[in-house]
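Peer 1: To start, I am sharing the structure in question, which I have written as C-alpha cells.
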Amino acid sequence: PQKTSFHRSQTLGYKNGFAFSRLPTVAIGGERLYVNQLSQAELDELSNKRPTLTYGRAKQALPSGFIPAHVAFDKKILKFDAYFQEDVPLSAEEHYRIRQVCIYYYLEDDSMSVIEPVVQNSGLPQGKLIRRHRVPKNDRGDHYHWKDLNRGMNITMYGRIYRIVDCDPFTQVFLESQGIELNPPEKMVFDRYTELRRTPMHKYITPSDFDQLKQFLTYDKQVLRFYAVWDDTDSMFGENRPYVIHYYLADDTVEVREVYKQNDGRDPFPILIKRQRLPKTFVDKKKTFPSCVLEISDQEVLEWYTAKDFAVGKSTTLLGRTFFIYDCDEFTRNFYRDKFGITDFQPVEIKKKPPEEVPRVIPPYNGFGILEDSLQNCFSLLPKPPRKDVIKMLENDHKVLRYQLSLESPNPEDRKRRFVLSYFLSNDMISIYEPPVRNSGIIGGKYLGKTRVAKPGSTTENVTYYEPSDLTIGSTIEVFGHRFVITDADEYVLNYMESNPEHFPAATLQSLRDHFRPRQVVKETANSAIPMHGTSKQELDELIVQVQEELKLHKYLNNKNIREAFLQCDKDGSGILDKAQFLALCNSLSVPINTILLNKLIDLCSCGEDKINYHDFLRAFPS
C-alpha cells in the first residue's frame, strides 16, 4: 500500500546516434533489483581479470573494427520483378487484370517498398503501392528479411499475393554470395486486355477511282487566297467585316480567317470557319430530321465546294453567310489563268457606307440650374462647366444696376408689393429682393437668387436673356412665369448708361432721362428756395438741437417708424412732399407740430408755398 510508483523502468537508450539496450535497476514500485545487474561488457571485463600480484595488470584486448549497417549497406538495394492478379467484377471484356510491380529491399535498414510503373491513360492509381518501411511477415511480429525472398515464389504483403519472377544481376550476385540458392527465373505474365488494346484496329478501305495521294503530292502547300467582305449592315450594330478565304488544293478544304485591325474592339479569334470541306448542295432530306445534328458525309452532300466556285467580283455563300470576293493574290491569279483560262481579275473597290447622321435632340430645359451648365450633360458623359468671360468679369466687377419693380397680379394685395431687381454686369445675372414691410402680412427677403433669366419664347437651341437694354421704365419683364413692371431705377443706372451710350439703345437711355427729369427739377427748386428765408445752416442746426431736446419729453414717439413712413410716402425719392400731405402724415404719427419750435422748423424746411423738404425735418428724429 505504501508504493506510489508503478511504471516500468526505461531500458532503451541512445548513444552517438545508435540505440542500445540496458538492464533495469529498479523494479515496479521503485524497489531496487539485485540480480542481473552486470552487462555483457562488464562480464567480458571480469573474464579478462587476472591476478595482478603475480602477473601484473592484464592487457586490454584491442576492439575489432566495427562498421554500422547504414554505412556498410548504404545505397545497396535488392530489386525483384513481380506481378499480382486483381479481380475485375464489373466488366464484360475482362474478369481479372495483371499488374506488374517492382519490389525493392533496402539492405541498410531491412525496409521494403512496392512500386508499379506508371502507364499513361491507364485510369488506375499507379506509382508507389507500398511505402518504404519494414513489412510485417506474420501476426507474431516478425518482419520480412532478404533471406525470405527468392525467384519463383509467392510473397504476401497486406493481404495481396505477389509472384516474384526475376531479379536484377546485383540481387542475384548478393544472394548467391550469402549462400542462398536461387530458383530459375520465370517469364513475366502480361495483361491480355492491355495487349489487346495496344494492337491497332484493322481498317477496311475501299479503293476509289480518284487518286487522293496524287492530288496531295501535286498540290501540297499550295493555297488559293481570296479577299472577301461580309456585309452585315442590315442587322443591328452590323458592319462590313473583312475576311480572308483560303482554299487548300491538296484536299479541297476551305478556311475563313478574320482580319483584325488595331484598336477595333474585337476579341482575337482569328478563325471564323475552321479548315474543312464545305458542302455546296445537299441531297433532298426529310424536313422533320434535325439538320443541326446531321453528320455531313458524301451520302448527304450532292456537291462540295471546289476551286471553280470562287471568283473575283462574285458572292459565295459559306455556311449561311454570303461573302463578296473583291480581290485575290498573285498565286491565285496564275493558278486560274493556267487551270481555267480566266484572265479577268480586276479588283472591286469596296466603298464603306457613310454612317447615318443621327440628329442630336436636346431635351427641354427642366428649370434646374443654369441652362448652359445643364446643357453640358447632353454633350458628354463627363460634363465640363461652361466657359466664363473673364475679361468681362474683371471689367464689371461690383457693378450692379438696381431697379424698382411692382408685381403685375390680379390680386390687389400683390399689386402693393415692391421689389428691388439687381442686374450684375459681370455675369449678366439677375436677383430680386423684396424689402420687408411691417404689418403687411408678407414675409420679405430674397425673392430670386442670382441667375440668368431667359426672355419669353426663347428655346434651348436659341436662348436669349434679359439685358440692361431691355430694362426700361414702364416695361414689363417675365421672370419664371411672374410678370413685373419696372417703376423706378437707381441714379447709378442713368449715370452708367450716359457714360457708356454706345452699349445701350437710345430709347432706353431716353426713358431713364425722362423719368429722372422731374426729380432733378424739384431738387433744383428746393436748392434755390432755401436761401430765400435768409436762414443760415448754423441756425438750422441749432433749431434741430432744440427740437430734439423738446421731443425727449414725448417718449411715445418712434423715430424709426416716422422715418419709414416719410420714405414710403416719397415714391419718386425726390425728398420733397406736399405740405398738406406732410401735415397729414405728422398728425397720423402723433408728431406735436403745434409747438413753437416745430412750427419754426417746418417753416425753415419749406420749399415754396406748398412743398416741404422732409430730409432736414427728419434730422430732428435721429434713428
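Peer 1: Val119 passes all but one of (1) open to solvent by less than 20 Å² (accessible area, probe 1.4 Å); (2) at pLDDT below 95; (3) among the β-branched types (Val, Ile, Thr); which number fails?
Peer 2: For Val119, the exception is condition (1).
Peer 1: For residues that are at pLDDT 80 or above and hydroxyl-bearing (Ser, Thr, Tyr), scanning just the range 268-312, find the one that is least open to solvent (accessible area, probe 1.4 Å).
Peer 2: Here the answer is Tyr305.
Peer 1: Being modelled with pLDDT under 95 and not hydrophobic (A, V, I, L, M, F, W, C) is the filter here; which residues of the range 70-84 pass it?
Peer 2: His70, Asp74, Lys75, Lys76
Peer 1: I'm trying to understand the selection: among the residues of the range 443-466, which are of a type in the set (Ser, Thr, Tyr), free of Cβ contacts under 8 Å to residues at least 12 places away in the same chain and open to solvent by less than 50 Å² (accessible area, probe 1.4 Å)?
Peer 2: Here is the first cut: in the range 443-466, the residues of a type in the set (Ser, Thr, Tyr) are 447, 451, 458-460, 464-466.
Remaining after also requiring free of Cβ contacts under 8 Å to residues at least 12 places away in the same chain: 458-459, 464.
Selection gives Ser458 alone.
Peer 1: Looking only at the range 80-95, filter to residues that are touching a helix residue (DSSP H, G or I) at 6+ places or on another chain (Cβ under 9 Å) and either hydroxyl-bearing (Ser, Thr, Tyr) or open to solvent by less than 70 Å² (accessible area, probe 1.4 Å) (or both); which one of those is farthest from Met157 (Cα to Cα)?
Peer 2: So the first thing to find is which residues in the range 80-95 are touching a helix residue (DSSP H, G or I) at 6+ places or on another chain (Cβ under 9 Å), and the list is 80, 88, 91, 93-94.
Still in the running and either hydroxyl-bearing (Ser, Thr, Tyr) or open to solvent by less than 70 Å² (accessible area, probe 1.4 Å) (or both): 80, 88, 91, 94.
Numbers: Phe80: 14, Val88: 20, Ser91: 27, Glu94: 25 Å.
So, considering only residues that are touching a helix residue (DSSP H, G or I) at 6+ places or on another chain (Cβ under 9 Å) and either hydroxyl-bearing (Ser, Thr, Tyr) or open to solvent by less than 70 Å² (accessible area, probe 1.4 Å) (or both), the one farthest from Met157 (Cα to Cα) is Ser91.
Peer 1: Next question. Mind checking whether some residue in the range 124-143 is open to solvent by 70 Å² or more (accessible area, probe 1.4 Å), part of a strand (DSSP E or B) and within 21 Å of Lys187 (Cα to Cα)?
Peer 2: No, every residue in the range 124-143 fails to be open to solvent by 70 Å² or more (accessible area, probe 1.4 Å), part of a strand (DSSP E or B) and within 21 Å of Lys187 (Cα to Cα).
Peer 1: Return yes when Thr4 is modelled with pLDDT under 90, closer than 30 Å to Arg132 by Cα and not assigned by the TED database to the domain that holds Asp168 and no when it is not.
Peer 2: Details: modelled with pLDDT under 90: yes; closer than 30 Å to Arg132 by Cα: no; not assigned by the TED database to the domain that holds Asp168: yes.
So Thr4 fails the test.
Peer 1: Inspect the range 484-498 for any residue being without any contact (Cβ under 8 Å) to a residue 60 or more places away in the chain and small (Gly, Ala, Ser) and give the result as yes or no.
Peer 2: Just the residues of the range 484-498 that are without any contact (Cβ under 8 Å) to a residue 60 or more places away in the chain, to begin with: 491, 494-495, 497-498.
So of that shortlist, the ones also small (Gly, Ala, Ser) come out as none.
Checked against the condition, which is being without any contact (Cβ under 8 Å) to a residue 60 or more places away in the chain and small (Gly, Ala, Ser), the range 484-498 yields no hits at all.
Peer 1: With the requirement that a residue be without any contact (Cβ under 8 Å) to a residue 24 or more places away in the chain and either open to solvent by 50 Å² or more (accessible area, probe 1.4 Å) or touching an Asp or Glu at 6+ places or on another chain (Cβ under 9 Å) (or both), what does the range 243-256 give you?
Peer 2: Taking the range 243-256 as the starting set, the residues that turn out to be without any contact (Cβ under 8 Å) to a residue 24 or more places away in the chain are 244, 255.
Val244, the sole residue that qualifies.
Peer 1: Can I ask one more? Please tell me if Tyr204 is of a type in the set (Ser, Thr, Tyr), more than 30 Å from Ala311 (Cβ to Cβ) and open to solvent by less than 40 Å² (accessible area, probe 1.4 Å).
Peer 2: Numbers: of a type in the set (Ser, Thr, Tyr): yes; more than 30 Å from Ala311 (Cβ to Cβ): yes; open to solvent by less than 40 Å² (accessible area, probe 1.4 Å): no.
Taking the combined requirement at face value, the residue does not satisfy it.
Peer 1: Are there any strands (runs of 3 or more DSSP E) wholly within the range 209-290 with 1 or more residues that are of a type in the set (Ser, Thr, Tyr) and closer than 24 Å to Arg333 by Cα, and if so which?
Peer 2: Answer list for the range 209-290: 223-231, 240-248, 253-258.
Peer 1: Among the residues of the range 443-485, how many are of a type in the set (D, E, K, R), under 46 Å from the mean Cα position of the chain (by Cα), in a loop (DSSP other than H, G, I, E, B) and closer than 25 Å to Ser426 by Cβ? Full working, then the answer.
Peer 2: Residues of the range 443-485 that are of a type in the set (D, E, K, R), as a first pass: 446, 450, 452, 455, 461, 467, 470, 478, 483.
Adding the requirement that they be under 46 Å from the mean Cα position of the chain (by Cα) leaves 446, 450, 452, 455, 461.
Narrowing the set further to residues that are in a loop (DSSP other than H, G, I, E, B) leaves 452, 455, 461.
Next, only the ones that are closer than 25 Å to Ser426 by Cβ stay: 452, 455.
Residues meeting the conditions: 2.
Peer 1: Here is a further query. From Ile130, Ile98, which residue is in contact with a Ser or Thr (Cβ under 7 Å, 6 or more places away or on another chain), closer than 18 Å to Ile161 by Cβ and in contact (Cβ under 8 Å) with a residue 24 or more places away in the chain? Please lay out each step first, then the result.
Peer 2: Details: Ile98 fails: in contact with a Ser or Thr (Cβ under 7 Å, 6 or more places away or on another chain).
Unique residue meeting the criteria: Ile130.
Peer 1: A further question follows. Of the numbered conditions (1) exposed (fewer than 11 other Cβ atoms within 10 Å of the Cβ); (2) under 60 Å from the mean Cα position of the chain (by Cα), Gln212 fails exactly one; give the number of that condition.
Peer 2: Exception for Gln212: condition (1).
Peer 1: Go through (1) under 21 Å from Leu401 (Cβ atoms); (2) without any contact (Cβ under 8 Å) to a residue 12 or more places away in the chain; (3) open to solvent by less than 50 Å² (accessible area, probe 1.4 Å) for Ser469 and report which single condition fails.
Peer 2: Against the list (1) under 21 Å from Leu401 (Cβ atoms); (2) without any contact (Cβ under 8 Å) to a residue 12 or more places away in the chain; (3) open to solvent by less than 50 Å² (accessible area, probe 1.4 Å), Ser469 comes up short only on (2).
Peer 1: Can I ask one more? In this structure, does Phe323 turn out to be over 49 Å from the mean Cα position of the chain (by Cα) and open to solvent by less than 70 Å² (accessible area, probe 1.4 Å)?
Peer 2: Against the criterion (over 49 Å from the mean Cα position of the chain (by Cα) and open to solvent by less than 70 Å² (accessible area, probe 1.4 Å)), Phe323 does not qualify.
Peer 1: While we're looking at this one, here's another question. Within the range 409-416, identify whether any single residue is open to solvent by less than 50 Å² (accessible area, probe 1.4 Å) and either touching a Lys or Arg at 6+ places or on another chain (Cβ under 7 Å) or more than 26 Å from Thr476 (Cβ to Cβ) (or both), and answer yes or no. Steps first, please.
Peer 2: Our first condition is that a residue be open to solvent by less than 50 Å² (accessible area, probe 1.4 Å); within the range 409-416, this holds for 409, 414.
Add one more test, that the residue is either touching a Lys or Arg at 6+ places or on another chain (Cβ under 7 Å) or more than 26 Å from Thr476 (Cβ to Cβ) (or both), and what stays is 409.
Yes: the range 409-416 contains one or more residues that are open to solvent by less than 50 Å² (accessible area, probe 1.4 Å) and either touching a Lys or Arg at 6+ places or on another chain (Cβ under 7 Å) or more than 26 Å from Thr476 (Cβ to Cβ) (or both).
Peer 1: Find all pairs meeting these conditions: Cβ atoms under 7 angstrom apart; at least six residues apart or on different chains; first residue within the range 29-54 and on the phi > 0 side of the Ramachandran plot and open to solvent by 80 Å² or more (accessible area, probe 1.4 Å); second residue at pLDDT 70 or above and in a loop (DSSP other than H, G, I, E, B).
Peer 2: Asn36/Leu23
Peer 1: Can you find, within the range 293-349, the residue that is nearest to Glu258 (Cα to Cα) among those that are in a loop (DSSP other than H, G, I, E, B) and of a type in the set (Asp, Glu)?
Peer 2: Result: Asp329.
Peer 1: Let me ask another. For the range 146-162, what are the residues that are open to solvent by less than 60 Å² (accessible area, probe 1.4 Å) and not polar (S, T, N, Q)?
Peer 2: Within the range 146-162, the first condition is being open to solvent by less than 60 Å² (accessible area, probe 1.4 Å), and the residues that meet it are 146, 148-153, 155, 157, 162.
Hits for the range 146-162 are Trp146, Asp148, Leu149, Arg151, Gly152, Met153, Ile155, Met157, Tyr162.
Peer 1: Among the residues in the range 549-559, are any open to solvent by less than 60 Å² (accessible area, probe 1.4 Å) and modelled with pLDDT under 70?
Peer 2: yes
Peer 1: Pick out, from the range 354-442, the helices (runs of 4 or more DSSP H) lying fully within it that include 2 or more residues that are of a type in the set (D, E, K, R), closer than 30 Å to Ser469 by Cβ and touching a residue at least 40 places away in the same chain (Cβ under 8 Å). Quick ask: steps written out before the conclusion?
Peer 2: Working: elements: 371-375, 390-395, 412-415.
Filter on the range 354-442 gives an empty set.
Peer 1: Moving to a separate point now. For Gln60, work out the one condition from (1) under 30 Å from Lys147 (Cβ atoms); (2) at pLDDT below 90 it doesn't fulfil.
Peer 2: Just one mismatch for Gln60, condition (1).
Peer 1: So, one more: Go through the residues of the range 349-367 one by one and say whether even a single one is more than 46 Å from the chain's Cα centre (by Cα), of a type in the set (Val, Ile, Thr) and surrounded by 14 or more Cβ atoms within 10 Å (Cβ to Cβ). If you could, list the steps in order and put the result at the bottom.
Peer 2: Going residue by residue through the range 349-367, those that are more than 46 Å from the chain's Cα centre (by Cα) are none.
Scanning the range 349-367 turns up no residue that is more than 46 Å from the chain's Cα centre (by Cα), of a type in the set (Val, Ile, Thr) and surrounded by 14 or more Cβ atoms within 10 Å (Cβ to Cβ).
Peer 1: Related question: Taking the range 164-191 only, how many residues are in contact (Cβ under 8 Å) with a residue 60 or more places away in the chain and open to solvent by 60 Å² or more (accessible area, probe 1.4 Å)?
Peer 2: So the count comes out to 2.
The values are calculated or read from the model by the stated rules, or taken from the named source; none is laboratory data. The model shown is predicted, which means the values in this text are computed figures rather than measured ones. Cβ atoms come from the backbone with ideal geometry, glycine included; neighbour counts cover every protein chain shown. Only protein heavy atoms, including side chains, enter the accessible area calculation; ligands, DNA and RNA are left aside. Shrake-Rupley method; radii C 1.70, N 1.55, O 1.52, S 1.80 Å.
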